[in-house]
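Please read the structure below before turning to the comments.
Each reported figure results from applying straightforward, stated rules to the coordinates on display, with no laboratory input. As the structure is a prediction and not an experimental result, all values here were calculated from the model. Every residue, glycine among them, receives a Cβ derived from its backbone with ideal geometry; neighbour counts consider all protein chains shown.
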Amino acid sequence: MTTPLLLLSGAGLPAWIWDDVRAQLPVETRVVEYPRGSASLAEYAAAAAATADGWESYGVVAHSLGGVVGSELLAQQPERVTGFFGVSAIIPAAGSSFLGALPSPQRHVVSLAMRLMGTRPPAKSIRSGLAAGLTAEQADRIVADFDPESQRVYRDPVSPRVFPEVRRYLLTTGDKEFPESLQQKYAAEIGGPVDRLDTAHLPMLEQPKLVAELVESAYA
């Protein structure tokens, strides 16, 4: 394995969630820092591309909302992205968005909640959903470090893109954020092999060794 890897985190999540996975990968890795504020999806993807400056080509490992950002990045830089590994990632169809990729009526409920309350869920919801399966200490850190995203990254449509030959999806079977049936839909949008782990939404914290092994095998 020689391809450097660009890591795209899920919504609101800090870079340290990848620390244990990165420590076990035999290549250079970088974690994208999202622009947030009122940034568009295209600006999120541009920030990801800038993070990969100096690399002729690279693979993407995208978690949750990172699947949307990674999809737009692929549309911007198809010649540089040599692989795409989704980790319980949302992968909208071209022309759709994060919200559009959710089933009805969930998409309407989430959209209204965002308009009324912003993109930071209540601490109780973070603990019971996003941080399910984690230790109390890990959950506390996730709540404390959660940084809400731009509204637009959830609403902007993804541009047409073609996934590279190296493509894979890690489905989390105990996920309280996205059920298995929904993740199967996202995996089908990528079109590659599907691995399964019995974790909640943050397998890089629950099972970092296994996640690293699966990523490495995908890019071997």
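³J(HN,Hα) across region 180-194 via Karplus (A = 6.51, B = -1.76, C = 1.60, θ = phi - 60°), whole Hz, x for Gly/Pro?
Those phi angles translate into 4, 4, 6, 4, 4, 5, 5, 4, 5, 5, 6, x, x, x, 10 Hz.
Per residue, how much space in cubic angstrom lies within the convex hull of the C-alpha atoms of the chain?
104
If I model a spin label at residue 147 and residue 36 as a point 7 Å from the Cα along the Cα→Cβ vector, what separation in nanometres do I get?
Placing both labels 7 Å along Cα→Cβ, they lie 0.5 nm apart.
Mind listing the phi-derived Karplus ³J(HN,Hα) values for region 128-143, rounded to whole Hz, using 6.51, -1.76 and 1.60 with θ = phi - 60°, and x for any glycine or proline?
Values per residue, Gly and Pro as x: 7, x, 4, 9, 4, x, 8, 5, 4, 5, 5, 4, 4, 5, 4, 4 Hz.
Where Rh is the Kirkwood radius over the Cα pairs of region 35-158, the temperature 37 °C and the viscosity 0.692 mPa s, what D in µm²/s does Stokes-Einstein return?
Reported coefficient: 211 µm²/s.
Picking from 97, 181, 111, which is most flexible by a Gaussian network model of the chain using Cα springs under 10 Å?
181
If N is the number of residues in region 148-207, what value comes out of its Cα radius of gyration divided by 2.2 N^0.38 Å?
With N residues counted in region 148-207, Rg over 2.2 N^0.38 Å equals 1.28.
Compute the relative contact order of the chain as a whole-number percentage, counting only Cα pairs closer than 8 Å that sit 6 or more residues apart in sequence. Numbers along the way, then the final one.
Details: 441 pairs, mean separation 57.2, N = 220.
Once divided by the residue count of the chain, the mean separation gives 26 percent.
Assigning unit charges at the beta carbon (Lys, Arg +1; Asp, Glu -1) and nothing else, what dipole magnitude in debye, to the nearest 20, does the chain show about its Cα centre?
Computed about the Cα centre, the dipole is about 700 debye.
State, as an integer percentage, the relative contact order of region 40-87 based on alpha-carbon contacts under 8 Å between residues 6 or more apart.
It rounds to 49 percent for region 40-87.
To the nearest 20 debye, what is the magnitude of the charge dipole of region 100-216 about its Cα centre, counting +1 on the Cβ of each Lys and Arg and -1 on the Cβ of each Asp and Glu?
Value, rounded to 20: 540 debye.
Kindly provide log₁₀ I(q)/I(0) values, in the same order as q = 0.20, 0.28, 0.30 Å⁻¹, from the Debye equation applied to equal alpha-carbon scatterers of region 72-131.
Those come out to -0.96, -1.21, -1.25, one per q.
Given the options 110, 146, 73, identify the residue whose Cα lies farthest towards the positive end of the charge dipole of the chain (+1 on Cβ of Lys, Arg; -1 on Cβ of Asp, Glu).
Among 110, 146, 73, the one farthest towards the positive end of the dipole of the chain is 110.
Just to be sure I follow: if Rg is taken over the C-alpha atoms of region 90-220 and Rh is the Kirkwood radius over the same atoms, what is Rg/Rh? If you can, show how the numbers build up before the last one.
Details: Rg = 15.6 Å, Rh = 16.2 Å.
My calculation of the ratio gives 0.97.
May I ask you to list the lysines whose Cα is less than 26 Å away from that of residue 124, ignoring any residue fewer than eight positions away on the same chain?
Residue 124 reaches 176.
Tell me the relative contact order for region 131-197 as a rounded percent, counting alpha carbon contacts under 8 Å between residues six or more apart.
Reported as a whole number, the value is 31 percent.
Counting every Cα pair in region 5-71, what percent are over 18 Å apart?
In whole percent, the long-distance tail amounts to 32.
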